[in-house]
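This report refers to the structure that appears directly beneath it.
The values are calculated or read from the model by the stated rules, or taken from the named source; none is laboratory data. Quick caveat, the model's predicted, so the values are computed rather than measured. Cβ placement follows ideal geometry from the backbone for every residue including glycine, while neighbour counts extend to all protein chains displayed.
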Amino acid sequence: MRVVTVRLGERSYSIKIGRHLGARLGAECARLGFAARCAVITDTHVGPRYAAPAVRSLQAAGFEPVVVTVPAGEPAKCLKVAAACYDQLAAHRLERRSFIVALGGGVVGDVAGFVAATYLRGLALVQAPTTLLAQVDSSVGGKVGVNLKAGKNLVGAFHQPRLVLCDLDTLATLPAREFRAGLAEVIKYGIIADAALFGRLERQMPRLLARDPQVLAPVIQRCCEIKAAVVGEDETESGRRAILNFGHTIGHALEAISGYGTYLHGEAIAIGQTAAARLSAAVLGLPPSAVARVRELFRRAGLPTEVHLRPRALVRLLAAMRLDKKVAGGEVRFVLARRLGEVEYGQRVGLEAIPPSLAAAEGNPAQTPLQSAAGS
């Protein structure tokens, strides 16, 4: 088992990475001194496979869990679903020393984390991520929240977990599309903070796609180390933590205008990161060879790298970007790369530069789901 520590003083916690960790859920929670009543929040895809073993592990450790199941998919990240969770927690009579286990991918982690942050003004949270994207990114760092029609993650909180338990066995059952989407966040870490990691991903992409545990474990560990270091330095995104949003300004806007259903998060931010690389070349002088490497690595991971929007969809995209949390003084701010492994946040980019960044000038454009879904 590999262990990464997120250092936040008295609120520090461990990220544990390895195989067969699901069976240790109850014992790990018992070490944290929680009260008996607890809730496992999961979704309709993950629950049928993993909820029963989680409940058995918790019961064996003396806990009294209730399973709360939310719909699968991004539309579940809403206040209506959170309210339904509150009602079930009240019916189970959770108390201040109770805790919530988030068992699922990024959506479950965000919803369960938001519920934990707000029910009884804050319950302890244990993240048990079952997707690659959640294990390397969304389960770590304490950002939780739900979406509004106007945009993604516009309602939320910073609520750090007490433990993150990454069971690599859950990745074996992950649909191929979901696994590839998780690689978008993995690649991001190489771009923003570790050129050596980026090179490793270029060399080992076939083994990653084959889900080789000997390659997955150290890669997941390195991603968690990078995020832990950034969060430890800037917990509430007042400065450097913004680098974790590389590619997300455009990516989140794509998700919003397509109704949170056309693209998986990782697919949208793959397009966003490729666009950010092109913007980086124009603004910070990122070498064209680096832009090409970024685009090619996403392509090899089976992820989209461009989108061709009709005029009406483009207007909606730019409007959605203006609602991004990183807007300052009415200006959209970007994270851009000076070189692979080094980025700068707070970069001003005129919105007129966005359309050319969304697709390569050369070659035949790749068809995207949004191209056919968007209005003319």
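Filtering region 252-275 for residues that are at pLDDT 95 or above and at positive phi leaves an empty set. Selection within region 1-56: residues that are touching a residue at least 24 places away in the same chain (Cβ under 8 Å) and polar (S, T, N, Q). The member of this set that is farthest from Val136 (Cα to Cα) is Thr44.
You will find that of Val101, Val108, Val126, Val144, the residue that is surrounded by 24 or more Cβ atoms within 10 Å (Cβ to Cβ) and assigned to a helix (DSSP H, G or I) is Val108 and no other.
If you go through region 248-271 and keep only what is within 14 Å of the chain's Cα centre (by Cα) and part of a helix (DSSP H, G or I), you end up with His248, Thr249, Gly251, His252, Glu255, His265, Gly266, Glu267, Ala268, Ile269, Ala270. Among the residues of region 214-230, at least one is touching a Phe, Trp or Tyr at 6+ places or on another chain (Cβ under 6 Å) and in contact (Cβ under 8 Å) with a residue 60 or more places away in the chain.
For (1) of a type outside the set (A, V, I, L, M); (2) touching a strand residue (DSSP E or B) at 6+ places or on another chain (Cβ under 8 Å); (3) part of a helix (DSSP H, G or I), each residue gets a yes or a no:
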| position | (1), (2), (3) |
| --- | --- |
| Leu25 | no, yes, yes |
| Ala39 | no, yes, no |
| Thr42 | yes, yes, no |
| Ala51 | no, yes, yes |
| Ala54 | no, yes, yes |
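Hey, any hits in region 153-169 for a residue that's modelled with pLDDT of 95 or more and in a helix (DSSP H, G or I)? Scanning region 153-169, I find at least one residue that is modelled with pLDDT of 95 or more and in a helix (DSSP H, G or I), so the answer is yes. In summary, Pro75 fulfils each of the numbered conditions (1) outside any helix (DSSP H, G or I); (2) at pLDDT below 95 with the single exception of condition (1). Residue check: is Arg19 within 17 Å of Pro161 (Cβ to Cβ) and not assigned by TED's automatic domain parsing to the domain that holds Ala228? Taking the combined requirement at face value, the residue does not satisfy it. Return yes when Arg310 is outside the structural domain of Lys152 (by TED's automatic domain parsing) and either closer than 26 Å to Gly156 by Cβ or among the aromatic types (Phe, Trp, Tyr) (or both) and no when it is not. No, not satisfied.
Ala282 meets the conditions (1) of a type outside the set (Lys, Arg); (2) part of a helix (DSSP H, G or I); (3) surrounded by 24 or more Cβ atoms within 10 Å (Cβ to Cβ) in every case but one. The failed one is (3). Apart from one condition, Thr236 fits all of (1) assigned by TED's automatic domain parsing to the domain that holds Gly22; (2) closer than 29 Å to Arg333 by Cα; (3) not small (Gly, Ala, Ser); the exception is (1). Can you tell me which residue is surrounded by the most Cβ atoms within 10 Å (Cβ to Cβ) among those in region 262-279 that are over 17 Å from Asn147 (Cβ atoms) and of a type in the set (Val, Ile, Thr)? Per the criteria, the residue is Thr274.
Filtering region 22-44 to residues that are surrounded by fewer than 18 Cβ atoms within 10 Å (Cβ to Cβ) and either of a type in the set (S, T, N, Q) or more than 14 Å from Ala128 (Cβ to Cβ) (or both) leaves Ala30, Arg31, Gly33, Ala35, Ala36, Arg37, Thr44. When you scan region 144-160, how many residues do you find that are touching a Phe, Trp or Tyr at 6+ places or on another chain (Cβ under 6 Å) and not small (Gly, Ala, Ser)? Summing the residues that are touching a Phe, Trp or Tyr at 6+ places or on another chain (Cβ under 6 Å) and not small (Gly, Ala, Ser) in region 144-160 gives 2. The selection criterion, being more than 29 Å from Val307 (Cα to Cα) and surrounded by fewer than 17 Cβ atoms within 10 Å (Cβ to Cβ), does not hold for Pro206. Take Val115 and tell me if it is part of a helix (DSSP H, G or I) and in contact with a Phe, Trp or Tyr (Cβ under 7 Å, 6 or more places away or on another chain). When the stated conditions are applied, Val115 passes them.
When restricted to residues that are in contact with an Asp or Glu (Cβ under 9 Å, 6 or more places away or on another chain), farther than 16 Å from Asp167 by Cβ and among the aliphatic types (A, V, I, L, M), region 41-73 contains 3.
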